[in-house]
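Please treat every number below as a calculation from the coordinates, not as lab data. Everything quoted here is computed from the prediction, not taken from an experiment.
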Amino acid sequence: MDDSREMEGAAVQVWAAEYSGDEGSGVGKVEFTIGELSREFGVTLRALRFYENKGLISPHRDGLNRLYSQGDRTRLALILKGKKLGFTLGEIRQMIAAEENAGDRDALTFSREKCLEQIQLLERQKAEIEEGLAELHRIYKSLSGKLDSRAS
């Protein structure tokens, strides 16, 4: 196996790691139905069709049935991980492209920078939440004190 293939596999593992509750369910399987992916990832059929419509996954058709490849399954894991981390679908699309083209330094740099931006955003939101919680605790204590003094 050449180094670029190893890098690509490692890069995808970074993104998709620990997403699905049952990682082993798709191992060794070549194709998945829409229902199987829906159950495995806990998403609606509509969500899968939406990601297909956006070009993020590309099942092939067998009559009226959609059949998803192992690559589609991996991309779905990446999409859901990206959404969970707060990225837009456009950012997720670019980051998936970076993961699938692990040798593309510019794409990997973009992906790395987007991660750093999201870390900074989440840190700011965390600080705001902690500040809000502290204020609510202060108000609660004040109101409890007033209620206790009226009860006496």
My understanding is that a pair violates if its Cα-Cα distance is over 23 Å; which of 81/114; 29/83; 81/126 do that in this structure? 29/83
Extension reserve of the residue 125-residue 148 stretch, reckoned as 0.36 nm per residue once the Cα distance is removed: 4.9 nm
On a full-extension model of 0.36 nm per residue, what is the gain between residue 116 and residue 138, subtracting their alpha-carbon distance, rounded to one decimal in nm? 4.6 nm
With a ≥ b ≥ c taken as the square roots of the eigenvalues of the C-alpha gyration tensor of region 77-118, please select rounded if a/c is under 1.5 and otherwise prolate if a/b is larger than b/c or oblate if it is not? oblate
Calculate, in nm to one decimal, what residue 101 and residue 64 gain on full extension: separation in residues at 0.36 nm each, minus their alpha carbon distance. 10.2 nm
Karplus ³J(HN,Hα) for region 48-58 (6.51 cos²θ - 1.76 cosθ + 1.60, θ = phi - 60°; Hz, whole; x = Gly/Pro) runs 5, 5, 4, 5, 5, 4, 7, x, 7, 10, 9
